[in-house]
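A.B. asks: Starting off with a structure, shown below.
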DNA sequence: CTACATGCAAACCGTTTGCCCACTT
DNA sequence: AAGTGGGCAAACGGTTTGCATGTAG
């Protein structure tokens with residue numbers, strides 16, 4: 001009855017405290033890209049005692065373990081999401097802050113090709129499209 | 001004998017003080033993507049008195065005026081480069097910190113198409129390829 | 001039982017801002 | 001001469017860390 005994210009944590013050798021379980025669950029349940037503050041708020045709903053420092057520490061651990069991905073969408077704080085099998089990039093509606101996930105195989109391939117062209121191997125990338133609703137002027 | 005970056009500043013209504021001229025020149029002369037500290041260091045070589053707050057203020061001004069572009073390559077501080085006619089994206093060698101500029105029209109077009117597909121207009125994007133030398137393992 | 005995790009508050013670090021003086025226009 | 005810009009140091013906001021205590025393995 002361990003969740004799959006908890007299993008991953010244990011595989012990576014993490015000591016699973018109550019707090020870490022809760023934080024892992026919050027991330028796993030999230031449908032969005034919460035920042036640390038938000039993860040903290042959600043965690044607190046399940047166990048009042050969790051400190052924000054623990055959230056920071058755990059999120060870093062999860063990031064290092066390759067279980068979550070840390071994003072920086074340019075608003076000054078980090079946002080997190082669980083790494084699942086499906087890779088995707090992000091489209092950010094700058095009017096509303098809404099974030100849409102998308103995949104485009106062609107772009108993915110082109111990226112690898114570009115890296116190769118310069119003699120490198122692509123190990124990571126960041127592609128973010130900042131957009132506004134089609135009809136609006138500014 | 002005004003440099004073209006200075007001309008742009010004046011067009012945008014900036015009062016051109018000695019400090020701003022120097023900072024503009026530093027940016028214009030830069031072949032790399034200096035952070036604020038680095039711009040400050042280079043500026044100081046031409047006029048010992050420039051304060052770092054002025055560098056921050058001027059860089060922000062230049063960014064707002066669309067004369068420079070502010071980048072965040074994930075190392076915790078902002079980096080700047082002059083906006084010229086050539087648009088390009090960045091390839092970052094994570095082993096050395098070296099930054100290579102590249103353009104790929106096909107990727108550019110695909111981005112516009114993706115935004116459109118979701119009903120948006122692309123106003124900005126960020127594409128960064130994090131790479132390592134082709135032969136190295138990690 | 002011991003090494004490691006937590007909570008709290010203080011420290012950090014890049015960046016911004018208030019204040020008062022200096023300079024551009 | 002008037003109003004904007006600059007320098008300094010203090011404030012800020014997100015994140016990290018030292019320390020004493022608690023807890024998973």
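The values are calculated or read from the model by the stated rules, or taken from the named source; none is laboratory data. From a predicted model like this one, the values you see are computed outputs, not experimental measurements. Cβ placement follows ideal geometry from the backbone for every residue including glycine, while neighbour counts extend to all protein chains displayed.
A.B. asks: Given the condition in contact with a strand residue (DSSP E or B) (Cβ under 9 Å, 6 or more places away or on another chain) and at the interface with another protein chain (Cβ under 10 Å from one of its Cβ atoms), answer yes or no: does some residue in segment A:45-63 qualify?
C.D. replies: So far as segment A:45-63 goes, no, none of its residues is in contact with a strand residue (DSSP E or B) (Cβ under 9 Å, 6 or more places away or on another chain) and at the interface with another protein chain (Cβ under 10 Å from one of its Cβ atoms).
A.B. asks: Of the conditions (1) farther than 25 Å from residue B:76 by Cβ; (2) more than 9 Å from DNA strand C (Cβ to nearest atom), residue A:15 fails just one. Which one is it?
C.D. replies: Residue A:15 satisfies all of (1) farther than 25 Å from residue B:76 by Cβ; (2) more than 9 Å from DNA strand C (Cβ to nearest atom) except (2).
A.B. asks: Right, here's the next one. Test residue A:124 against the stated conditions and say whether it is surrounded by fewer than 14 Cβ atoms within 10 Å (Cβ to Cβ) and either more than 7 Å from chain B (Cβ to nearest Cβ) or under 17 Å from the mean Cα position of the chain (by Cα) (or both).
C.D. replies: In short, yes.
A.B. asks: Here is a list: B:108, B:101, B:134. Which entry is within 14 Å of another protein chain (Cβ to nearest Cβ) and surrounded by 13 or more Cβ atoms within 10 Å (Cβ to Cβ)?
C.D. replies: Answer to the check: B:108.
A.B. asks: Among the residues of segment B:56-73, write down those that are more than 22 Å from residue B:11 (Cβ to Cβ) and in contact (Cβ under 8 Å) with a residue 12 or more places away in the chain.
C.D. replies: B:56, B:71, B:73, listed by residue number.
A.B. asks: Out of A:35, A:29, report the one residue that is closer than 26 Å to residue A:125 by Cα, more than 13 Å from DNA strand D (Cβ to nearest atom), away from chain B (no Cβ under 14 Å) and modelled with pLDDT of 95 or more.
C.D. replies: The conditions single out A:29.
A.B. asks: Further question on the same structure: Just to be sure I understand, how many residues within segment A:111-121 are more than 7 Å from every other protein chain (Cβ to nearest Cβ) and touching a strand residue (DSSP E or B) at 6+ places or on another chain (Cβ under 6 Å)?
C.D. replies: The number of residues fulfilling the criteria is 1.
A.B. asks: Look at segment B:5-30 and say how many of its residues are assigned to a helix (DSSP H, G or I), touching a residue at least 24 places away in the same chain (Cβ under 8 Å) and surrounded by fewer than 19 Cβ atoms within 10 Å (Cβ to Cβ).
C.D. replies: 3
A.B. asks: How many residues are at pLDDT 90 or above and within 18 Å of residue B:103 (Cβ to Cβ) if we restrict to segment B:59-86?
C.D. replies: Selection size over segment B:59-86: 6.
A.B. asks: Quick check on this structure: which one of B:75, B:89, B:64 is farther than 16 Å from residue B:6 by Cα and within 16 Å of DNA strand D (Cβ to nearest atom)?
C.D. replies: B:75 is the lone residue from the list that is farther than 16 Å from residue B:6 by Cα and within 16 Å of DNA strand D (Cβ to nearest atom).
A.B. asks: Quick check on segment B:93-116. Is at least one of its residues in contact (Cβ under 8 Å) with a residue 12 or more places away in the chain, more than 25 Å from residue A:76 (Cα to Cα) and within 13 Å of DNA strand D (Cβ to nearest atom)?
C.D. replies: Within segment B:93-116, not a single residue is in contact (Cβ under 8 Å) with a residue 12 or more places away in the chain, more than 25 Å from residue A:76 (Cα to Cα) and within 13 Å of DNA strand D (Cβ to nearest atom).
A.B. asks: Moving to a separate point now. Looking only at residues that are within 11 Å of another protein chain (Cβ to nearest Cβ) and at positive phi in segment A:67-98, which one is surrounded by the most Cβ atoms within 10 Å (Cβ to Cβ)?
C.D. replies: Only one residue tops the list, namely A:74.
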